[in-house]
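All remarks here apply to the structure that follows.
The values are calculated or read from the model by the stated rules, or taken from the named source; none is laboratory data. Bear in mind that the values here come from a model prediction, so they are computed numbers and not experimental data. Quick reminder, even Gly has a Cβ in these numbers, built from the backbone with ideal geometry, and neighbours come from all protein chains shown. Please note that ligands, DNA and RNA were not included when accessible areas were found on the heavy atoms of the full protein model with its side chains. Shrake-Rupley method; radii C 1.70, N 1.55, O 1.52, S 1.80 Å.
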Amino acid sequence: MAPVPEHQGTTSARRLRVLVTDPIIARWSAVLTSGAPDHDWVFLTDANGEGDEEAQRAAVANCDVLICSRLTAEVAPHVGATLVQVTGAGLDRVAVHALPAGTDVTTTAHHERSIAEHVLLSVMALERQLLVRDRALRSGTWRTLATDPTVPAFRTLDTLTLGAVGVGGIGAETLRLASAWGMDTVAVRGNPEAPLPAGVDPRWVGGSGELPRLLEEADVVVVSVPLNPDTEGLIGAAELTAMKPDAYLVNVARGPVVDQDALYAALTAEAGSPTAIGGAAIDVWWGAPAPGRTPPADHDFAALDNVVLTPHCSGHADSTFAGRAADLAANVERLAAGTPRSGVGNA
């Protein structure tokens, strides 16, 4: 775990009651409480935490700051906090519209590096058939170029083009790391004229209308756009068909950004055919896990050899949560002192 930052000695104007209902960020409680030590911290993260709406309604009514990752429309109207701090970058699991008028909402990130590393890890695992070879060797099969003439040689990253669909924090860091590994990079974004972050220098950047060009050129298509009505189903049958038959799709956005029926069809199509893609890495899904539906999808992606499946954990690095906890604590101090918070959005 990352070291706990020393408290800078901020003198708060008033003592606040801070309620934490996110069980993940609670594991970094030392960072939270040391960053804002002059306040009352309450952790409601066990069986009576995020999953118990009755307990939540009672608790959220009696706090100045609420730190959460989920907030239902049933609980949100009962929030008495001045500030609701979401422990991630997205608001899709928080009923912001149902909060009392005037409630400030903040988000935080710090997951960009972790997810970008996951993208490259997944690409190398797919290209080198890492999971397939691991299973084969464990079962007693030694299969290489030397023993089987049908085994293909793999490609190194410096021979591949990565196309980023979205150049937010995740997309930008993925482009940065991919370039550092020698990959050719291209990208599309909502505003192609906007300045690029430092160290991000794709060969070309286009608007959303250039998506077909990106799909035709890229060996790896990385999707990291936020989920909204404009992006739901953004990658469907037509887009997958436009990809190279040996290209990989990596989805680290939200599950519904990719049409799961079309993706399954492309992954199970005859290898090399115009409707096929080479493989996919799926870290985000189409719903919540449940008995008989884990991973949460309508198709049996787990039965396919040309996929890498992970349980929405690509951002779960120690640095991610230590950085988030420090942000959250700093905002508690800012609220107490009456100064502007970072990441404030409209409720």
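Peptide packing: for 105-113, 193-201, the average count of neighbouring Cβ atoms within 10 Å per residue gives the ranking 105-113, 193-201, highest mean first. Between the C-alpha center of the range 223-244 and that of the range 54-111 there is a gap of 30 Å.
Given contacts defined as C-alpha pairs under 8 Å and at least six residues apart, what's the relative contact order of the range 148-303, whole-number percent?
In percent, rounded to a whole number, it is 18.
Here the 3J(HN,Hα) profile of the range 87-101, calculated from phi with Karplus coefficients 6.51, -1.76 and 1.60 at θ = phi - 60°, is 8, x, 8, x, 10, 6, 10, 10, 7, 4, 5, 9, 6, x, 4 Hz, Gly and Pro shown as x. Using only Cα atoms, what Kirkwood radius does the range 100-237 have, in angstroms? Computed over Cα pairs of the range 100-237, the Kirkwood hydrodynamic radius comes out at 17.1 Å. Protection proxy ranking, highest mean first, for peptides 55-67, 137-149: 55-67, 137-149, where packing is the per-residue count of other beta-carbon atoms within 10 Å, averaged.
Whenever you get a sec, compute what percent of the accessible area on the chain sits on carbon and sulfur atoms (1.4 Å probe). After summing per-atom areas, the C and S share lands at 53 percent. Among 15-24, 325-334, the peptide with the highest mean count of other Cβ atoms within 10 Å heads the list, and the full ranking is 325-334, 15-24. Put simply, the amide H of Val94, placed in the peptide plane, has neighbours under 5 Å in Leu71, leaving out anything fewer than 5 places away on its chain. Annotation for the range 295-328 versus the range 132-173: alpha-carbon center distance of 19 Å.
Under the rule a/c < 1.5 gives rounded, and otherwise a/b versus b/c splits prolate from oblate, where does the range 236-284 land using the Cα gyration tensor?
Prolate.
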